[in-house]
Structure formats: structure tokens, C-alpha cells
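I have placed the structure first, in the form of C-alpha cells, so that the comments after it can refer back to it.
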Amino acid sequence: MQLSRWLSTDRAQQSFQLALFADYCWRYGFNRTGQGNSASTVLIQISHIAWNHQLQLGYNVTNLRSLGCVAQTGHQHKTSYYNPNSQVPIPKDIHRSLHVNNTPERVIWGAAVLGYYYLLRRSEYLANGKQFRPYAITRTGIEVLDLTGKPCTTLSQAARVSVRFLGHKANQFGQGTVRTVEWSGSKWCCPVQAAWFLVAHHSSISVPPGSLLCHVGKDHMIQVNDLVAAIKRAVSSIGKDPRRFGSLSLRSGGATALFIAGVDSLLIKKFGRRRLDAVEFYTSTTNPLRASLAHKMLNYTT
């Protein structure tokens, strides 16, 4: 790949080249040892790139903080926050490996789509045995809406889907929040279509509306292990090491897709429900920008 040593003034191109640079550093390291750099080291290196562009060319490199956001969203253990393998377009591979005409696998697929587009933590939509978190997404927490913002009665009317989060790992006080996305422009990988199916199926199996959304049968909730198995099977089919993938891969992959698409770091943090400081917490995002998220992520997925 022939690229200029200098970043252009185009934000999307900047994001693309910085992502390639970060991927290389995390995999191989920007050194002579051949060992990957830590997340903090990579961010320092990218800061040097920004400083040099300002000094030599007189313009800023934007969207740098998104790299840190993607890192924090992807992995929260002692190892590097960022897993380069998360950049594999996982939804496409999962869809290819599942039989979506089979109800259990279609529910898994619906869960995977929501996990990807809404940057979900596993505790927000998956069960662990017979238990699920009190803040996990339920049928009553989903609204499929038409273009006017009213609840729709048919899939053909559906234009957007809103998910109400009652709390999560970074919000233990139950201060709810709503995230809304519109059609992605695809029939095979769309959050609106996935939510519509999951709600309709949940209603058809006679389980309480306040129970976990991702139900296969009355006594069968989608487990963390069910989705992890589907992810590992999908990445194995394309020659990737399944040991490096898990339930966080969808959240990480979704955040990475937003970063590659040039979405601002603040929006990624707010949409992914990261812990925010006071200034970020009170910053609002526009409806047109929120509406375009699914379309941006789909362009990366296909």
C-alpha cells in the first residue's frame, strides 16, 4: 500500500492511516524488538505525529482521542486495551456461519447485531446460566419507531430503534439513558430489523415483557457462551485464532468501525456509555449524526 508519509487534511483519510499505524504498532511494535507496543505507548507516538504535522505543515491531526476510546472500549484487562483482530468484520463472518432460518441461531444473530451496533457489554444483553443483570435489555426497553417517532405495527413502517439502558457497569445508580439508531441500509445486517425480530419472537413465546430480550424459548435465554461460540466459529472459518476473540469482540469491533468511519471520539464514548467527565456528560449530539451511525458501521462491515 502506497501512502504519503504526511496525513492529508481529510478526516476520514487521517483516521484510516492512523488506524493502520496503530494496528502495526500493536502487532509488531515501532521498535527493533518486534514486540507490540502498549496502548499508552501507541497513543504517545500518535501524539508525536500530531505535533509534527502542526510544526511542519501548520494543521492539526483530528480525531486522535478516538484511538484511546477504541482501546478502552475493546478490552479492560492487564493486556493491551486494543486487539488488532477486532478489526475483522465479525458481523459478516457470523452471519455466514449461522443458519438464520433456524430460530435459535436467528436469535443469536439478532443479539450479535445489537451487540455490534450498540457497543453492548455482555451483561447488558446476555444471560449467565439462569441469571441476567437487572440492567440488561428487556422487551420493554426496546421501541421500534416509524419516521415520525411513533411506535410502529409493521416492519415496513420501522425506521429506527431506541434502546433504553437502565444502568450498566459504569452506571450503577440506575440513571437510564436511551440510544437510537436508524436503518443501516441493509436487509442482512440492520439493527432495526434485528430488534423487530427479537421483540416479535419474545412476544410469541409467552415470557414476561420485563425479562431478558434475547430469549430462544420460555426457559432458554441466550447465554454468553452461545454468542462466544458463534464468534469463535465464525473467525475460525476465515483462518483467525479463535482464542483471541470473545464476547467483547463485537463491542470492540463496533467501536473500531466508528473510529475508521471518522466518527468523533466524544460521540463514540457517549454512544458506548463510557464513564464521562462533567463537560462530556452535558454535551449533546444531533439526531442526524446519531441516525447515520448504523450506515457508517455497515460500510465498514461489508
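Just so it is clear, none of the values below were taken in a lab; they were calculated from the coordinates. Just so we're clear, the structure is a prediction, and the values are computed from it rather than from any experiment. Ideal geometry is used to build each Cβ from the backbone, glycine not excepted, and the neighbour counts take in all protein chains shown.
A few comments on the model shown:
- Within the stretch 98-229, antiparallel bridges make up roughly 95 percent of the DSSP beta bridges whose residues both belong there.
- Taking amide H atoms as placed 1.01 Å from N in the peptide plane, the amide H of Val216 lies under 5 Å from those of Met221, Ile222, each 5 or more residues away in sequence or on another chain.
- Checking the cross-link pairs Lys130/Lys150; Lys150/Lys232; Lys150/Lys296; Lys130/Lys296 against a 29 Å limit on the alpha carbon distance flags Lys130/Lys150; Lys150/Lys232; Lys130/Lys296 as lying beyond it.
- Nitroxide proxy distance, nm - points 7 Å out along Cα→Cβ at Leu3 and Ala200: 4.2
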